[in-house]
Amino acid sequence: TRREDLAAFERRIREDQNPLRDTDIFQRIGNYQRANAMRLGGIYGLYPEFNCAQDSVITFSDNRERVLLGTNSYLGLADDPRVREAAKAAIDRYGSGCSGSPLLNGTLDIHNRLEAELADFLGRDAVALCSTGYQTNLTALSALCGPGDVVLMDARNHRSLYDGVRLSGADCLIYRHADLGHLAKLLLRSSGRRRMIVTDSVFSMEGTIADLRGIAALAREHGARLFVDESHAVGVLGATGRGVAELQGVEADVDLVMGTFSKSFAALGGYVAGCRTVIDYLKHNGGGHIFSASLPPSVIATVLAALDIVRREPERRALVLDNAAYMAGELRAIGYDAPFHGAQIVPVILGNYTLALSAYKRFMEAGVYVNPVGPPAVPEAAAGFRTSYIATHRRADLDRALDVFRRHFPDIRR
Ligand code: PMP
């Protein structure tokens, strides 16, 4: 039976035999398992279990407290009582979910309110919501671009942007990370074709910030459209928290901006904002918008409450960046390769993923949670820790974490 077949498959992998037919589509799983077992040995520690809201210092499932340097709840709102209460009230009023697409039965008054408030916040005509940021990128790029078109992408763009381009069938031209000279060459080479430049604004692993001003100038010069993923920047950067395009004063040159609710807004979901005609097109042609159920009311209420706090409490943004700058400076003083690029994400580059994973486990033991990162998220040479800072980290929490970094420096230095 199939069940016995699968049991045999698992047994063979455990026993490290090489039993799988070339024609078995599961062969790659067996190869992956074996390679991983060899590499990770006894150090596997991914999928750590949390059992509470994400904040600066939390107690994990093993009842041990750790300083959390690896959450994207940048403004510290995942545990904010106002946000929690808004979510609960929405469940009481609207129930648990919408059970349908926004196009049909899935649009509540609060979905429309959130779209309108976000459009107002971002200074855009209109907004379309999707169930995740990942899905937003798939939906927008696959609806906007098609075979024969050209999408120009920064090499370090988020996976969801790559997957969106692949789904669209457009040709993908990749320029070296932040290399506008290379982008200009690719624009020249593809002149005469329909083109869109797509870039992250804050790069999720490196914490680098795109030169949107330079990119926008090239887009204008070559007649290309510009799509910017502000997932990590919205709520954190720019005078009012609209992101890097606001920070660099180039919002008018960005045709479409997208973002996520899973970071500063402490919930789940994504949005794309732009002029009314384009957003209307996406709301009637975007697969991930039309063919997927809309966000549940508790999530919409969470985001509305978080957006209100983003607007009313600008001091949170300053705290996030102060914390990141402080940590990057202190880490570098210890001797770590920890560049600060002006955003809340500070990579601690160790240059070896296996070392990053084993060090991560030792840090967990010592009371500090960081994100270990390596291929495919970053190249092996950039493997290490991805640390990120939030508005509710207190200096004492950060100093506690620094003690651990200091103690472990001799055994994990690059
Ligand atoms: N874009 C970027 C730059 C991201 O970092 C992420 C999430 N890591 C996403 C999109 C996807 O967002 P979501 O978590 O909402 O799917």
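Brief remarks on what is shown
- Helices (runs of 4 or more DSSP H) fully within region 154-247 that include at least 1 residues being acidic (Asp, Glu) and within 30 Å of residue 350 (Cβ to Cβ): 159-168.
- The listed residue being free of Cβ contacts under 8 Å to residues at least 12 places away in the same chain and not hydroxyl-bearing (Ser, Thr, Tyr), out of 318, 391, 356: 318
- Number of the condition not met by residue 52 [criteria: (1) touching a Ser or Thr at 6+ places or on another chain (Cβ under 8 Å); (2) modelled with pLDDT under 75]: (2)
- Scanning region 156-167 turns up no residue that is modelled with pLDDT of 95 or more, more than 16 Å from the ligand (Cβ to nearest atom) and either in the same structural domain as residue 278 (by TED's automatic domain parsing) or under 19 Å from the mean Cα position of the chain (by Cα) (or both).
- Members of region 137-155 found to be under 20 Å from the mean Cα position of the chain (by Cα), away from the ligand (no atom under 12 Å from the Cβ) and either modelled with pLDDT under 95 or under 13 Å from residue 286 (Cα atoms) (or both), listed by number: 142
- Tally of residues being within 14 Å of residue 329 (Cβ to Cβ) and not in a loop (DSSP other than H, G, I, E, B) across region 386-400: 4
- Residue selection: residue 230 satisfies the criterion of being among the charged types (D, E, K, R), modelled with pLDDT of 95 or more, within 11 Å of the ligand (Cβ to nearest atom) and in contact with a Lys or Arg (Cβ under 9 Å, 6 or more places away or on another chain).
- A search for C-beta distances below 7 Å between a residue of region 89-105 that is farther than 16 Å from residue 129 by Cβ and any residue that is of a type in the set (Ser, Thr, Tyr), counting only pairs 6+ apart in sequence or on different chains, returns 91/298.
- On the stretch given as region 8-35, residues that are surrounded by fewer than 11 Cβ atoms within 10 Å (Cβ to Cβ) and modelled with pLDDT under 75 total 6.
- Condition met for residue 328 (without any contact (Cβ under 8 Å) to a residue 60 or more places away in the chain, assigned to a helix (DSSP H, G or I) and buried (at least 18 other Cβ atoms within 10 Å of the Cβ)): yes
- Residue that is nearest to the ligand (Cβ to nearest atom) [pool: residues in region 109-136 that are assigned to a loop (DSSP other than H, G, I, E, B) and crowded, with 20+ Cβ neighbours inside 10 Å]: 131
- Boolean, residue 214 is in contact (Cβ under 8 Å) with a residue 24 or more places away in the chain and away from the ligand (no atom under 16 Å from the Cβ): yes
- Test for residue 278: is it in a helix (DSSP H, G or I) and farther than 30 Å from residue 155 by Cβ: no
- Sole exception among (1) in contact (Cβ under 8 Å) with a residue 40 or more places away in the chain; (2) within 22 Å of the chain's Cα centre (by Cα); (3) more than 11 Å from the ligand (Cβ to nearest atom) for residue 268, by number: (3)
- Hits in region 334-353 - residues which are assigned to a loop (DSSP other than H, G, I, E, B) and surrounded by fewer than 22 Cβ atoms within 10 Å (Cβ to Cβ): 335, 337, 339, 340, 341, 342, 351, 352
- Identity of the residue in region 51-78, among the hydrophobic types (A, V, I, L, M, F, W, C) and closer than 25 Å to residue 203 by Cβ, that ends up surrounded by the most Cβ atoms within 10 Å (Cβ to Cβ): 77
- Residue check, residue 200 within 16 Å of the ligand (Cβ to nearest atom), crowded, with 17+ Cβ neighbours inside 10 Å, among the acidic types (Asp, Glu) and assigned by TED's automatic domain parsing to the domain that holds residue 120: yes
- Lone unmet requirement of (1) over 25 Å from residue 151 (Cβ atoms); (2) within 12 Å of the ligand (Cβ to nearest atom); (3) not polar (S, T, N, Q) for residue 241: (2)
- Residue check, residue 319 out of contact with any Asp or Glu (no Cβ under 7 Å at 6 or more places or on another chain), assigned to a helix (DSSP H, G or I) and within 21 Å of residue 56 (Cα to Cα): yes
The values are calculated or read from the model by the stated rules, or taken from the named source; none is laboratory data. Keep in mind that this is a model prediction, so the values were computed, not measured. So basically every Cβ, Gly included, is an ideal-geometry build from the backbone, and we count neighbours across all protein chains shown.
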